[in-house]
Amino acid sequence: MRIAVVGTGYVGLVTGTCFAEVGIDVTCIDIDQKKIENLKNGILPIYEPGLEEMVVRNAQKERLSFSTDLGTSIQGSDVAFIAVGTPPGEDGSADLKYVLAVARAIGQNMTDYIVVVTKSTVPVGTAKKVREAIEQELEARGVNIAFDVASNPEFLKEGAAIDDFLKPDRIVVGVSSKRAEEVMSKLYKPFLMNGHPLIFMDIPSAEMTKYAANAMLATKISFMNDIANLCEIMGADVNMVRKGIGSDARIGNKFIYPGIGYGGSCFPKDVKALIKTAHENGYDMRVLKSVEEVNENQKSVLFNKINNHFNGDLAGKTFAIWGLSFKPKTDDMREAPSLVIIEKLLAKGAKVRAYDPVAMKEASHTLGDTIEYGKDEYETLIDADALLLVTEWPEFRSPNFTVVSKLLKEKVIFDGRNIYDAADMQDKGFTYYGIGLKQQVAQVNEAI
Ligand code: UDX
């Protein structure tokens, strides 16, 4: 089989590379000439564990190629994936201009039957717009070429995207013809080895599935953050509560970790877009509106604890921050809670010295020289007034605490991800703050 993947961002690049990995002939297309040149030289626009090696290997085997020429690349392809960006417009709805521009370009260039698949996260009803855009172009050319449109949402997690793609929990495909179903079945056959299902459905249901999945996960997180805040007030320990409820299979033990709010490119954007779509169609997503509100509030919880601990006097103090990206194993800074915490600290006249294993370059695009960047995690601690654990990178899990306490001016740790054990930290002589923990009952009322 031959496929074209349009858009070499995160989703497009992982999709194209993983299809090449199982032996499919893939061309990845982008209008950004520099990006394509870089990819040809093995330079990737994003960091994702294992992806670079896989790109280089498949390019060498000539199963994966890169091009700016959409026209030639889709001719002879069985499937064209649209994986371009859908940035949120000012009102929170997904902007479809790039998706529809690709659809028009496909209509202008296609010569044979092709299945055009939306892979970008797009609102319900987008596949219909894609179909119309292609039809208009074919009409303008005065040709009649059969094609199908399909919706194939992705469920990749940054940092684990390759595994998620090669061993998916499920693959969801929305189709409206038997012919498209057959093409997509053939394409995905190599990924069904572990017995997980390929689920075919109608197109609007597939489009909705993506939003419903992300909205449900965001809801779990906001719910647990709310429970964590209440635990602090009531003298309960959210770690215990989490274990207690997570062993109920109906609830499950995943995505119930409280923290400093969800970030990234998906949850914030998709929750907003679903609220907006519902509103436009006369429906009020009350649960999701609260999910969003709780999340915004949660990004300030760590700062409030810091402010409270230092009695509001942060001017001239230095804070060491471990982790900047919105989660570990990525350099993605989109909607990262670290940005909110840093902004609040700087506004109070504090200094910030941060270290992140991969995201410092990306973070510097937003933060510039408003903060200092450490060469490793220990350097950030020199004469700092407290340590803030913001992103739970594995290398921060068991630092040398003797060194930590020697370097810090005051032995205080604010742990936004509950990665350290509170009792252990107290034994080691630290004043330790986590999220939703029991011993914080005295400080908590003002902090929330
Ligand atoms: C998410 C979805 O998981 C994925 O299926 C979809 O395709 C894209 O969006 P991603 O944004 O890469 O993936 O990250 P994920 O690991 O899901 O984490 C999202 C956010 O939730 C992070 O900010 C993370 O810190 C937070 N989170 C996650 C919690 O606060 N608590 C949890 O228990 C789990």
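The values are calculated or read from the model by the stated rules, or taken from the named source; none is laboratory data. These numbers come from a predicted model, not from an experiment. Glycine gets a Cβ as well: all are built from the backbone with ideal geometry, and neighbour counts include every protein chain shown.
Only one of (1) in contact with a Lys or Arg (Cβ under 8 Å, 6 or more places away or on another chain); (2) modelled with pLDDT under 95 is not met by Gly261, so which one is it?
(2)
Taking the condition touching a residue at least 40 places away in the same chain (Cβ under 8 Å) and either over 22 Å from Tyr257 (Cα atoms) or of a type in the set (Ser, Thr, Tyr) (or both), does Thr370 pass?
Taking the combined requirement at face value, the residue does not satisfy it.
Looking only at region 278-289, decide whether some residue is within 16 Å of the ligand (Cβ to nearest atom) and in a helix (DSSP H, G or I).
Within region 278-289, one or more residues are within 16 Å of the ligand (Cβ to nearest atom) and in a helix (DSSP H, G or I).
Tally the residues that are within 13 Å of the ligand (Cβ to nearest atom), part of a helix (DSSP H, G or I) and over 27 Å from Thr330 (Cα atoms), restricting the search to region 244-277.
Number satisfying all stated conditions: 1.
Please give the number of the condition Ser205 fails out of (1) within 11 Å of the ligand (Cβ to nearest atom); (2) surrounded by fewer than 16 Cβ atoms within 10 Å (Cβ to Cβ).
(1)
If you check Leu302 against the conditions, is it surrounded by 14 or more Cβ atoms within 10 Å (Cβ to Cβ), away from the ligand (no atom under 11 Å from the Cβ), assigned to a loop (DSSP other than H, G, I, E, B) and touching a residue at least 12 places away in the same chain (Cβ under 8 Å)?
Considered against the rule, which asks whether it is surrounded by 14 or more Cβ atoms within 10 Å (Cβ to Cβ), away from the ligand (no atom under 11 Å from the Cβ), assigned to a loop (DSSP other than H, G, I, E, B) and touching a residue at least 12 places away in the same chain (Cβ under 8 Å), Leu302 comes out as no.
Taking the options Thr121, Thr68, name whichever one is more than 16 Å from the ligand (Cβ to nearest atom), in the same structural domain as Pro197 (by TED's automatic domain parsing) and surrounded by fewer than 23 Cβ atoms within 10 Å (Cβ to Cβ).
Thr68
Within region 341-364, is even one residue without any contact (Cβ under 8 Å) to a residue 12 or more places away in the chain and within 30 Å of Gly50 (Cα to Cα)?
Yes, region 341-364 has at least one match.
Quickly run through region 392-414 and pick out the residues that are away from the ligand (no atom under 16 Å from the Cβ) and part of a loop (DSSP other than H, G, I, E, B).
Matches in region 392-414: Ser398, Pro399, Asn400, Leu408, Lys409, Glu410, Lys411.
Here's a check for you: in region 208-232, which residue that is near the ligand (Cβ under 9 Å from one of its atoms) and under 20 Å from Thr121 (Cα atoms) is surrounded by the fewest Cβ atoms within 10 Å (Cβ to Cβ)?
Taking the candidates together, the pick is Ala213.
Assess whether Asn307 counts as being crowded, with 19+ Cβ neighbours inside 10 Å and under 28 Å from Met208 (Cβ atoms).
no
In this structure, is Ala315 crowded, with 18+ Cβ neighbours inside 10 Å, closer than 20 Å to Leu408 by Cα and more than 18 Å from the chain's Cα centre (by Cα)?
no
Can you pull out the residues in region 299-308 that are farther than 13 Å from Val390 by Cβ and touching a helix residue (DSSP H, G or I) at 6+ places or on another chain (Cβ under 6 Å)?
Selection gives Asn304, Asn308.
Whether any residue in region 140-156 is away from the ligand (no atom under 16 Å from the Cβ), part of a helix (DSSP H, G or I) and over 28 Å from Lys276 (Cα atoms) is what I want to check.
yes
Can we say Tyr420 is in contact with a helix residue (DSSP H, G or I) (Cβ under 7 Å, 6 or more places away or on another chain) and either over 27 Å from Ala315 (Cα atoms) or assigned to a strand (DSSP E or B) (or both)?
It is false that Tyr420 is in contact with a helix residue (DSSP H, G or I) (Cβ under 7 Å, 6 or more places away or on another chain) and either over 27 Å from Ala315 (Cα atoms) or assigned to a strand (DSSP E or B) (or both).
Just to be sure, is Asp169 within 12 Å of the ligand (Cβ to nearest atom) and part of a helix (DSSP H, G or I)?
Criteria not met by Asp169.
Every residue in region 180-191 that is surrounded by 14 or more Cβ atoms within 10 Å (Cβ to Cβ) and either of a type in the set (D, E, K, R) or in a loop (DSSP other than H, G, I, E, B) (or both), please.
Glu181
Out of Ala146, Ala140, Ala161, which single residue is among the aliphatic types (A, V, I, L, M) and surrounded by 13 or more Cβ atoms within 10 Å (Cβ to Cβ)?
Exactly one residue qualifies, and that residue is Ala161.
Conditions (1) under 28 Å from Tyr211 (Cα atoms); (2) out of contact with any helix residue (DSSP H, G or I) (no Cβ under 6 Å at 6 or more places or on another chain), marked per residue:
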residue: Thr15; (1), (2): yes, yes
residue: Val26; (1), (2): yes, no
residue: Lys34; (1), (2): no, yes
residue: Ile43; (1), (2): no, yes
residue: Glu52; (1), (2): no, yes
residue: Gly89; (1), (2): yes, yes
residue: Leu100; (1), (2): yes, no
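Scanning region 192-202 for residues that are of a type in the set (A, V, I, L, M, F, W, C) and assigned to a loop (DSSP other than H, G, I, E, B), which turns out surrounded by the fewest Cβ atoms within 10 Å (Cβ to Cβ)?
Met193
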